[in-house]
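Notes to accompany the following structure.
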Amino acid sequence: MKRHLRLVVDGTACDGHGVCAELFPEHVTLDRWGYPLLEGAEIPPRLQEHADRAVASCPRLALHLVEVPG
Amino acid sequence: MRAAVLSPNQHLPAASEVPRLLLGLDPDGRPVGLEEHLSRWGAMPWQRTRMTLIDDLASSGLVGHGGAWFPVATKWRSIRGGGLRRPVVVANDAEGEPASSKDELLMACLPHLVLDGASAAATALDAGRVIVYAPRHLVPIVGSAVAARRRRGFDPVDIEVVESADTFISGQESAVVSALNRNAPLPTFQGKTPIRTRGVGGRPTLVQNVETLAHVALVARFGPAWFRGIGSDAHPGTMLLTVHGRGPGPRIVESPLGARLGDVLGLSAGVAGRYRGVLLGGYGGGWLPAQTALDLPVIEQAARHHGTSLGAGVVVLLPAEACPLAESARVVRYLDQQKAGQCGPCVNGLGELADLCTALAVQPARLSGHLQPLLDTCALVEGRGACRHPDGAARFVRSALRVFGDEVTAHLRGGPCAQVGAPSVLPGLRKIDLGARSRPVRGRR
C-alpha cells in the first residue's frame, strides 16, 4: 500500500539545530530565528529518502512523518 | 436518526427560554445542594444515557464551550473508538483566561449540573475514572458536592477532584493531561499520540469544559429535541457569556445562539458610540468595531467571518475614552508573559509582538511609520506552536491593527495619544506597565 506522508515538527522538542533544512531543503527552510518552516505538502516518492534521513538525523528527535488523512 | 422517546417528565423546563443552565441559580450565589438540584431537574436517566446519549448529543448539535467549538458527539466517538482500555473523563474547570468567569460561576453555584454531565460522559464512554480539574478556591465546593453524591451512591464512577494550575494556558487540553500525569501543566505535542488515544495514565482521555458538561446533563435528561428548542436550526442551544464593561465587575449572561449580541447585552444600536471597540473571545480572540459587535449574531462562524472568535464567551466593552492601542499592547505583553516557553517561534515571536505593540502605543516613532514588521511576526508564529497560544496572539494583534486603524495612523503620525498612560480597564492587566507616562488630558487627538 502506498503511504501518503508529510512532515510535522514537535515544537516543544525542537531547538533549532537546523539539520532538517540542511538535509531536506526541498521541504524545510529555516526562519530568522533558526527554527524549521515546513512545506506542508505531501512528500513525493522521489524525495522520500531525503525525508527519512532528515527525520532520523534530528538531534532532538523532533521531526516526524505522519500520514496525510484521506 | 432515531426519534427521541421521552417519558412524560414533570421536570421538563420550557425549551425556548433563557436562562436554561442558569435557571436554578441561587440569588445569593450559594452552591445549590443535591436535593434542590434533583428536585429541579429530576433524576439522571443512567440507562438511557448509556444507550443513546452519544447519538442524542449528535442530534442535539451540542458543541464544546471551552473555546474550540468542536462537536461534542464527534469528540466522544473518537474516544470511544480509541482502544480497548477504559477511558478517563476530565471535567475541565481550569479557566485561565482572566476575562472569563462563567466556568467558575457554574462550578461555584451549580456544581451538580456539571458533575451530572461528567458522570453522563463516563457512563456513555464506559470510563473507569472521572476527574474534576478545578482551581484551588473551588476545590472545597466541588469536594463537598462530590461527598454528598458519594453518600447517596449517586455516580456510577467515583469522582476525583484535582487542583488545577492557575496559568493562562493551564486549561489547554494537553496541558490538563500533562498536569494530571504529574508533569508540568504545559501543552504537549499532539501530532503522534493525541490525548484521545493516550492521555491520563496512558488511557484514552476526554477533556471537556464544564459548561459543555452542564449542557450534556440537560441533553441526557430532556433529549435533543428539547435542546434544539432554542437557538437556530444550524446553531441550537445557548451559551454563557462573561461580559465586562456593563456595570461594575463581570456579568454572566446566558444567550441563545443566534441572538443579536446587542440585544443580549441590553444595548440598542444607538449606543455604539460609547464604546471604542468590543473584544470577543478574550485575549486570544480579537477586537470588533462596536457597531459590528452589537449587530453580531452570537454564532462562532459569524465571529470568525469578522476575524475573531467567540472563544469561551468573553465580551469586553472598551469605553470610548480608553486608548485601544495601549490596552492591546498590555494584552500582548500578558500573552507573552503567559506563554509556555517551549516552542521556538512562540518564544521569540511573542516577545517581538509585545515590544512592537508597546512601541506603537507609547513610542510610535520607533516604528518609523511601518507596521509590516508586526504583520511579518504574526505570520511567523501562526500555526507553529504545540498549542494555539501563538495563533491567538497573532489573531489578536491583527484584529487591533484592523479595527483601530484610525488610532494606529494617529499614533504613527503624531505620537502617542493623551490617554496612553491611563490605567488599564481590561480585566487582570493592571500590573502590566508599558513604561508610559500620563500626560495632561486635553481631549483626544
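We did not get these values from a lab; they are worked out from the coordinates using the rules stated. On a predicted model such as this, the values are computed, not experimentally measured, just so you know. Heads up, the Cβs are rebuilt from the backbone with ideal geometry, glycines too, and the neighbour counts pull from every protein chain shown.
Please label the shape of the protein assembly as shown as rounded, prolate or oblate, based on the square roots a ≥ b ≥ c of the eigenvalues of the alpha-carbon gyration tensor (a/c under 1.5 means rounded; beyond that, a/b larger than b/c means prolate, else oblate).
oblate
So for the pair residue B:17, residue A:26, with labels modelled 7 Å out along Cα→Cβ, what separation do we get in nm?
Once both label points are built, they end up 6.7 nm from each other.
Springs between alpha-carbon atoms under 10 Å, Gaussian network over chain B: tell me which of B:132, B:32, B:332 tops the mean-square fluctuations.
Residue with maximal mean-square fluctuation among B:132, B:32, B:332: B:32.
I need the calculated FRET efficiency for the pair residue B:26 and residue B:86, taking r as the beta carbon distance and R₀ as 30 Å, to the nearest 0.05.
0.25
Can you give the helix-only mean residue ellipticity at 222 nm for chain B, where every DSSP H stretch with n ≥ 4 adds -39500 (n - 2.57) and the sum goes over all residues, rounded to the nearest 500 deg cm²/dmol?
-12000 deg cm²/dmol
All other residues with a Cβ under 10 Å from the Cβ of residue B:106 taken together, and with Lys, Arg as +1 and Asp, Glu as -1, what is their net charge?
Net local charge, residue B:106 excluded: -4.
What is the total of Lys pairs in chain B with C-alpha atoms under 26 Å apart, excluding same-chain pairs fewer than 8 positions apart?
So the count works out to 6.
Report the FRET efficiency, 1/(1 + (r/R0)^6), for residue B:375 and residue B:233, where r is their Cβ-Cβ distance and R0 is 35 Å, rounded to 0.05.
0.35
Could you derive backbone 3J(HN,Hα) for the range B:172-185 from the dihedral phi with the Karplus parameters 6.51, -1.76 and 1.60 (θ = phi - 60°), listing whole Hz in sequence and x where the residue is Gly or Pro?
Karplus-based 3J(HN,Hα) across the range B:172-185 equals 4, 3, 6, 5, 4, 4, 4, 5, 5, 8, 6, 9, 4, x Hz.
For chain B, give the magnitude of the charge dipole about the Cα centre (Cβ charges: +1 Lys/Arg, -1 Asp/Glu; no others), in debye to the nearest 20.
520 debye
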